[in-house]
Amino acid sequence: MSKFDDIRPFYDHEVNDALQSIAKHPMMKALMRFTFPDHDEEFWLKEFTNIHSISDFQHHFISQTVRQILKQSSEGLSTSGFDQLDKDAAYLFVSSHRDIVLDTSLLNLVLLDQGLIMTSSAIGDNLVHKKFLHVLAKLNRNFLVQRGLPIREQLNSSKVMSEYIYDLLTKENRSVWIAQREGRTKDGNDATQQGVLKMLAMAAGEQPLNDFFKTLKIVPLSISYEYDPTDVLKMPQLMAKSRNELYVKEKDEDFMTMLSGVLGQKKRIHLHAGQVLNTEFDEIVSKFDNKNKQLQAIAQVIDDSIIENYKLWPTNFIAYDLLNGTNKYSDYYTEDEKMLFGRRMEMRIDISDSVLKQSFLAMYANPVINKMKYL
């Protein structure tokens, strides 16, 4: 028994049995029909017998699923910054977070295609209550973030996760993906939560904070979608927040959000890998004595990279101009693009509700507002 057993993905020797246990599940059949539309069930059931590691599963199946998602519901994926990374090094990607499934799936497709080390990725255990999703997540090298625990148990869980991430990076030479915050960004404001960095630092032991964070090889990751396929699903939570109300999720809301993210139209997508953070930690530690202040400054450095390198699309500039009643950024989009954005918004929300409309536009406009602070 390992102390990581409750959160880790499958070991390779467990993979085939786990895969066979869900091979004939209706959701697996639907996934495989989507991935291999020209093949019958016999094809992939036979292929499953040859899968004996997570790497096998990702190379032969999940990567094909992600390529199919891009083909069916996007106008292409572009990248920048990945050519600066070392093919033999493990990195901790601290990422802006827009989509439950796609953010990590797209990153791993890029890492696979560029010959870089693929990630083990954090996922909230609340998202994988269904047995099929739980097994699929562990087959795809996801590790579980335990949610909703009592405070004492939460502290212990965070410590175990911190040690697990540190082990992956330093002992297994396995890259790791983690969101910069708990849950997806709903309003377009990408901000690193100090709690995420506090959790990571739990594994530091006696190491000085700057030396410890250097060993993690943190790469800030900026992910931007021209259209957020789950934009309308984020509205109820944003509206509740605007009314100072507690938001309670529907029973299958997370699952429906995952499906919408996969199948919904995204247009263009861009991933940027920032520079590996290193000397920044020395500067921070020499400037601040207080640990909380140091973590706050580290969060700001990650935010600076994510926001500065965030790819802005015509949709972002259109939303800014519509929200503010200006033509300030009209050089960055065409009238056709503006008309399409307006039509899509009308189909997705009740535009006669001014607060709802403002929240929808702000989701797309806020990345422009945030990035302009750096220009």
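Overview of values
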{"read-out": "Stretch gain in nm, segment Lys373-Lys328, where the contour uses 0.36 nm per residue and the Cα spacing is subtracted", "value": "14.6 nm"}
{"read-out": "Protection proxy ranking of 182-190, 25-33 - average other beta-carbon atoms within 10 Å, highest first", "value": "182-190, 25-33"}
{"read-out": "The chain: calculated mean residue ellipticity at 222 nm from DSSP helix runs of at least 4, using -39500 (n - 2.57)", "value": "-15500 deg cm²/dmol"}
{"read-out": "Near-label residues of region 91-117 by backbone N, under 19 Å of a point 7 Å along Cα→Cβ of Asn173", "value": "91-93, 111-117"}
{"read-out": "Cβ-Cβ FRET estimate between Met27 and Lys198, R0 fixed at 30 Å, reported to 0.05", "value": "0.25"}
{"read-out": "Gyration tensor verdict on region 46-187 (Cα atoms; rounded if a/c is under 1.5, prolate if a/b is larger than b/c, oblate otherwise)", "value": "rounded"}
{"read-out": "Calculated Rg and Dmax of region 280-370 using C-alpha coordinates, Å", "value": "18.3, 54"}
{"read-out": "Computed magnitude of the charge dipole of region 130-235 (debye, nearest 20; Cβ of K, R +1, Cβ of D, E -1)", "value": "400"}
{"read-out": "Cα-based reach from Lys29 at 22 Å (exclusive), listing lysines while leaving out same-chain residues under 8 positions away", "value": "Lys46, Lys71, Lys130, Lys131, Lys138"}
{"read-out": "Simple Cβ-charge dipole of the chain, Lys/Arg +1 and Asp/Glu -1, about Cα centre, in debye nearest 20", "value": "640"}
{"read-out": "Taking the convex hull of Cα positions in the chain, its mean projected area over all directions (nm²)", "value": "20.3"}
{"read-out": "Mean projected area (nm²) of the alpha-carbon convex hull when region 129-228 is viewed from all directions", "value": "8.3"}
{"read-out": "Exceeding the 31 Å Cα-Cα cut-off - candidates Lys24/Lys234; Lys217/Lys311; Lys266/Lys291", "value": "Lys24/Lys234; Lys266/Lys291"}
{"read-out": "Top positive-direction residue, dipole computed over the chain with Cβ charges, set Gln358, Ser224, Tyr91", "value": "Gln358"}
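Every number here is computed from the coordinates shown, using simple stated rules; none is lab data. Just so we're clear, the structure is a prediction, and the values are computed from it rather than from any experiment. We place every Cβ from the backbone using ideal geometry, glycine too, and count neighbours over all the protein chains shown.
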